[in-house]
Each structure stands twice: as structure tokens, then as C-alpha cells.
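Peer 1: Right, I'll just put the structure down here and ask away after.
The values are calculated or read from the model by the stated rules, or taken from the named source; none is laboratory data. Everything quoted here is computed from the prediction, not taken from an experiment. With ideal geometry, Cβ positions are generated from the backbone for all residues, glycine too; neighbour counts draw on all protein chains shown.
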Amino acid sequence: MPPRRGSRSSPPPFPAAPSGRTKLQAAIAALHDEAQSPEATDWPQIAARYDVLLRLDDNPVVAASHAVAISMVAGPRAGLELVQRLGTDPRVNAGRRFYVVRGHVLVRAGHPAAALEACAGAVTAGSGECTATPRLVSLTVTVPPSSPARSRMIASSWP
């Protein structure tokens, strides 16, 4: 029976974990937004939400983000294993973002030369420039002159 007009009733409690793709993505974004730095990010919560999101939607971009989160929680080797699996997925393995994620995890794993090779793959996959340093992998893509922006950062990561 619905409450009578003017009566006080408490709203139903929020579920312990959000459900649905959009809610999960919003929860992940909120966790990133709340963190003051990469080190202060609640990576275990982000990894757990990406794990649920992957079960709902077999999306290679989500899988790449999950690999980064796992590398932040369980270490770069764990993330690198997931990235290597992504390397066999034709939906993502030829794209720039795959190479940037691979470069990020390789930098974290202490393999800067391999990270630079991943950057080269990112540039080959599209026009642009990619840099890998001991602390940063970033990719800037050049867009056609007819575009409002001459170049844009499409991905960057830090260990």
C-alpha cells in the first residue's frame, strides 16, 4: 500500500553496488574524480566495477581499462597478462588506445623500451605522436586540417 499523502516514509536504500552499464561507468568516473592523485585512487573499487562491467558487456575498451585497473591493484605483471590477451582481439589490437594501454602497463612493469615500441604501434595505427617516459605514456593524434582542433590528446596514463 503506498504511503498516504503527507506521511513520512524513508526512501528505499541504495543498492550496495550499482547495476547496469551506465551506473557502473558513472561509479568508475566518480571514483576517478574523487581521487586527489593516481596514488590516492580507489583502484580496488575501480577494478571490481570494471570486472562487473565486463560481465555485462564484452567490450574491448572496457577490457583495456580493466587491465590498467588490475595493474594498479595487483601489479603490472597482472595487467600485462590481460593486455597480452587483448592483443589477440581484432576489435582493439590495431587501435591506438590498445598500444597506449600496453605502453602504460609496460612502463609500470619496468620495460621502457617495449613501451616505446608500443608507442610506435600507436603512431602506426593512426597519425600522431606518442611519447613514453619512465612516468608517462601519452599519445597525441593529428586530425585533418578541416577539423576544428588540429590535434587532441586521446589517451594518457601514468604509473
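Peer 1: Can you name every one of the helices (runs of 4 or more DSSP H) wholly within segment 21-83 that holds 3 or more residues which are closer than 17 Å to Val105 by Cβ and not acidic (Asp, Glu)?
Peer 2: 43-56, 60-74
Peer 1: If I ask for residues that are farther than 16 Å from Pro60 by Cβ, more than 16 Å from the chain's Cα centre (by Cα) and charged (D, E, K, R), which ones from segment 86-123 would you list?
Peer 2: Selection gives Glu117 alone.
Peer 1: Something else: For residues that are of a type in the set (A, V, I, L, M, F, W, C) and surrounded by 18 or more Cβ atoms within 10 Å (Cβ to Cβ), tally how many sit in segment 53-88.
Peer 2: Qualifying residue count, segment 53-88: 13.
Peer 1: Which members of segment 103-118 meet the condition of being modelled with pLDDT of 85 or more and farther than 18 Å from Pro44 by Cβ?
Peer 2: Residues satisfying the conditions are Leu106, Ala109.
Peer 1: Does Glu81 fit the bill of being acidic (Asp, Glu), modelled with pLDDT of 85 or more and over 16 Å from Trp43 (Cα atoms)?
Peer 2: Judged against the criteria, Glu81 is a match.
Peer 1: Further, regarding this structure: Of the residues that make up segment 126-138, is at least one at pLDDT below 60, of a type in the set (Gly, Ala, Ser) and surrounded by fewer than 18 Cβ atoms within 10 Å (Cβ to Cβ)?
Peer 2: Checking segment 126-138: at least one residue is at pLDDT below 60, of a type in the set (Gly, Ala, Ser) and surrounded by fewer than 18 Cβ atoms within 10 Å (Cβ to Cβ).
Peer 1: Taking into account only those residues within segment 33-48 that are in contact (Cβ under 8 Å) with a residue 12 or more places away in the chain, touching a helix residue (DSSP H, G or I) at 6+ places or on another chain (Cβ under 7 Å) and surrounded by fewer than 22 Cβ atoms within 10 Å (Cβ to Cβ), which is nearest to Gly95 (Cα to Cα)?
Peer 2: The residue in question is Trp43.
Peer 1: Sticking with this structure for a sec: Of the conditions (1) among the basic types (Lys, Arg); (2) surrounded by 21 or more Cβ atoms within 10 Å (Cβ to Cβ); (3) not in a helix (DSSP H, G or I), Arg91 satisfies every one except a single condition; which number is it?
Peer 2: Answer for Arg91: the failing condition is (2).
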